[in-house]
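To keep things clear, I will list the structure first and then write my remarks on it.
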Amino acid sequence: MSRLALGQVNLTVGDLTGNVDRMAAMADDATKAGADLIAFPELAITGYPPEDLVLRPEFVREGLEALDALARRTATTCPVVVGFVDRSEVGLHNAAALLRDGTVETRYHKVQLPNFGVFDERRYFVPGTQAVRIEAGGLTCGLSVCEDAWHAGVPFARYAGVPLIVNINGSPYHRGKREERADILRDRARETGAWIAYINAVGGQDELVFDGGSMLVGPDGSVRQRASMFSEDLLIVDLHGGTSFAEPREAWPVDDADEVWRALVLGLGDYVRKNGFREAVLGLSGGIDSALTATLAVDALGADSVRGLAMPSPFSSTESLDDAVDCAKRLGIRLDTIGITGTFDAYRYALAEVFAGHPDDVTEENLQARIRGTLLMALSNKFGSIVLATGNKSEYAVGYSTLYGDMAGGFAPIKDVPKTLVYELADRRNATAAERGETPPIPERTITKPPSAELRLDQKDTDSLPPYDELDPVIEAYVESDLGVDDMVSTGFDRGLAERVVSMIDRTEYKRRQAAPGVKITPKAFGRDRRMPITNRYAG
């Protein structure tokens, strides 16, 4: 029988010393548990993804020194498999190393380099060409890194008959990814007849969230053991013939909304903490987007680290201010109120001569949003808080947002969350609270009232946009599936609706280019995933 440890650890890009410390401690824990081998995620030494840091020779050099340091630190532990950036005569490699008895015993270079979506590894790395086998715990093990498992060729094609294949990963989350991974690993296990130990990273890194979910897949393709999702874990598994044993783990999310919620909480929390902020501040309007963002922030950071700011204008309803106050009380966060009517009047007075003869329009609406953005940034400067922008994917897609106004902020937690999913998440979070015997954090009226920016009298979102249940499917088809108008019409979309929404998406690319980063939860998020030219006359 062999005992294997899957070291699912939350690391930080560039924190070479801290990453080594965390892995050395976990390797020690695994050894005390009797493990014969522990494996850590892809590029764990540097943190993943290091992006253009790897273009700096000193960073690569110091990463290799950190690898040697981890080897020395684990000289008396079980052998360690760990990801790192290697350097050879042909270039840099996304690599895995076997550390044993204080030295780097074996090196493997990732063969399949992804170059799509958020991945651009061919910008940095040269692919390897060799399969590599190691011996540990009486087993022969094949080494592989992440994307290697998504292909039937090298190295997996050369591991037929090997009892165990270790696959270390930096696989970011999006909805449905769990099932995709299980399908891929099932195929590789059946092709090779091997056990596959899939070790994934966990934690937030800028827009990306790594959800963990490390697992052991049997030779028949079934998931035999699995680590927790969205939290660090040390999964110890015993392999004996065709069976495996492990302690029971934390249950995985029960549904899609629960999974998305945990991804958003982890991504937001790690972004704030890893960038050194003590507190988050956001505009709390009484609307569902800000209420949801505030609730996420409290779940991620704690109520003492979240601050709300209500900024009523001449068009803000009494009900909206009451809902903001109610939400803050339910969450237990501080709420300050700064009315913007006087500031808005001062702007109008300053512009009166220049604007003479021109009626009020979206200009005056945007002035209110920009005043609010300025106040939030003032609090950020004064108190060292990070401003959370509260816009959702539907609004960002069609430009229903104000540049330097409600788009102002250091992080936009629900930037990749369509409006229809916003409602689903709000309902699910309230239901979770009720199941726990707690007060639901989001007031019911906030969920049920028609959404409105309240920047003019009796304004509703539907004055400017199609209903969200019609809008979001078009956004998904155009942005995530890359369908043109004709393709959408052929699948049943109304042509007028499709043309209208596509036009709005195309002409607001310049806004999105200047938006704050936010947690990626869909297969194609604005920013890292979707890179469209701003200057662009193609209409499709």
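The values are calculated or read from the model by the stated rules, or taken from the named source; none is laboratory data. Being a predicted model, the structure only gives us computed values, none of them experimental. Note that we place each Cβ from the backbone using ideal geometry, even for glycine, and neighbour counts take in every protein chain shown.
Tabulated data
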{"quantity": "Residue match in the range 164-172 (condition: closer than 28 Å to A69 by Cα, modelled with pLDDT under 95, surrounded by 15 or more Cβ atoms within 10 Å (Cβ to Cβ) and among the small types (G, A, S))", "calculated": "no"}
{"quantity": "Number of positions in the range 448-458 that are among the aliphatic types (A, V, I, L, M) and surrounded by fewer than 17 Cβ atoms within 10 Å (Cβ to Cβ)", "calculated": "1"}
{"quantity": "The range 245-263: number of residues that are under 19 Å from A227 (Cα atoms), part of a helix (DSSP H, G or I) and not aromatic (F, W, Y)", "calculated": "6"}
{"quantity": "Residues of the range 104-144 that turn out to be within 18 Å of A44 (Cβ to Cβ) and polar (S, T, N, Q), as a count", "calculated": "2"}
{"quantity": "Residue that is surrounded by the fewest Cβ atoms within 10 Å (Cβ to Cβ), among those in the range 279-304 that are over 25 Å from R370 (Cα atoms) and in contact with a helix residue (DSSP H, G or I) (Cβ under 7 Å, 6 or more places away or on another chain)", "calculated": "A303"}
{"quantity": "Any hit, the range 335-354, residues being under 30 Å from L421 (Cβ atoms), aliphatic (A, V, I, L, M), surrounded by fewer than 22 Cβ atoms within 10 Å (Cβ to Cβ) and under 33 Å from the mean Cα position of the chain (by Cα)", "calculated": "yes"}
{"quantity": "Qualifying residue in the range 375-394 (condition: aromatic (F, W, Y), surrounded by fewer than 17 Cβ atoms within 10 Å (Cβ to Cβ) and closer than 30 Å to R530 by Cβ)", "calculated": "no"}
{"quantity": "Failed item in (1) buried (at least 16 other Cβ atoms within 10 Å of the Cβ); (2) at pLDDT below 95, with N430 passing the rest", "calculated": "(2)"}
{"quantity": "Identity of the residue in the range 360-407, outside any loop (DSSP other than H, G, I, E, B) and of a type in the set (D, E), that ends up nearest to the chain's Cα centre (by Cα)", "calculated": "E395"}
{"quantity": "Hits in the range 191-218 (condition: part of a strand (DSSP E or B) and among the small types (G, A, S))", "calculated": "A197, G203, G204, G212"}
{"quantity": "Checklist (1) buried (at least 17 other Cβ atoms within 10 Å of the Cβ); (2) under 19 Å from M215 (Cα atoms) applied to R22, failing item", "calculated": "(2)"}
{"quantity": "Options L235, L185; residue that is without any contact (Cβ under 8 Å) to a residue 60 or more places away in the chain and not acidic (D, E)", "calculated": "L185"}
{"quantity": "Residue satisfying condition, being charged (D, E, K, R), surrounded by 19 or more Cβ atoms within 10 Å (Cβ to Cβ) and under 24 Å from V13 (Cα atoms), within set R307, R262", "calculated": "R262"}
{"quantity": "Matching option when the condition is in the same structural domain as E279 (by TED's automatic domain parsing) and within 24 Å of the chain's Cα centre (by Cα), among K449, K460, K415", "calculated": "K415"}
{"quantity": "Residue satisfying all of: in the range 104-132; of a type in the set (A, V, I, L, M) and touching a residue at least 40 places away in the same chain (Cβ under 8 Å); surrounded by the fewest Cβ atoms within 10 Å (Cβ to Cβ) among these", "calculated": "V118"}
{"quantity": "Filter result (in contact (Cβ under 8 Å) with a residue 40 or more places away in the chain and assigned to a helix (DSSP H, G or I)) within the range 22-36", "calculated": "M23, A24, M26, A27, D28, D29, A30, T31"}
{"quantity": "Residue selected from the range 1-21 under the condition of a type in the set (G, A, S) and under 30 Å from G241 (Cα atoms), by the criterion modelled with the lowest pLDDT", "calculated": "S2"}
{"quantity": "Complete set of residues in the range 44-64 that are crowded, with 24+ Cβ neighbours inside 10 Å and among the β-branched types (V, I, T)", "calculated": "I45, T46"}
{"quantity": "Residue within the range 430-443 that is out of contact with any Asp or Glu (no Cβ under 9 Å at 6 or more places or on another chain), of a type in the set (A, V, I, L, M) and touching a residue at least 60 places away in the same chain (Cβ under 8 Å) present", "calculated": "no"}
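Conditions (1) in contact with a helix residue (DSSP H, G or I) (Cβ under 9 Å, 6 or more places away or on another chain); (2) modelled with pLDDT under 95, marked per residue:
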residue: L457; (1), (2): no, yes
residue: L471; (1), (2): yes, no
residue: S490; (1), (2): no, no
residue: A539; (1), (2): yes, yes
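Here's the yes/no breakdown for (1) more than 30 Å from S171 (Cα to Cα); (2) out of contact with any strand residue (DSSP E or B) (no Cβ under 7 Å at 6 or more places or on another chain); (3) assigned to a helix (DSSP H, G or I):
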| site | (1), (2), (3) |
| --- | --- |
| R456 | yes, yes, no |
| E476 | no, yes, yes |
| V479 | no, no, yes |
| D487 | yes, yes, yes |
| P517 | no, no, no |
| K520 | no, no, no |
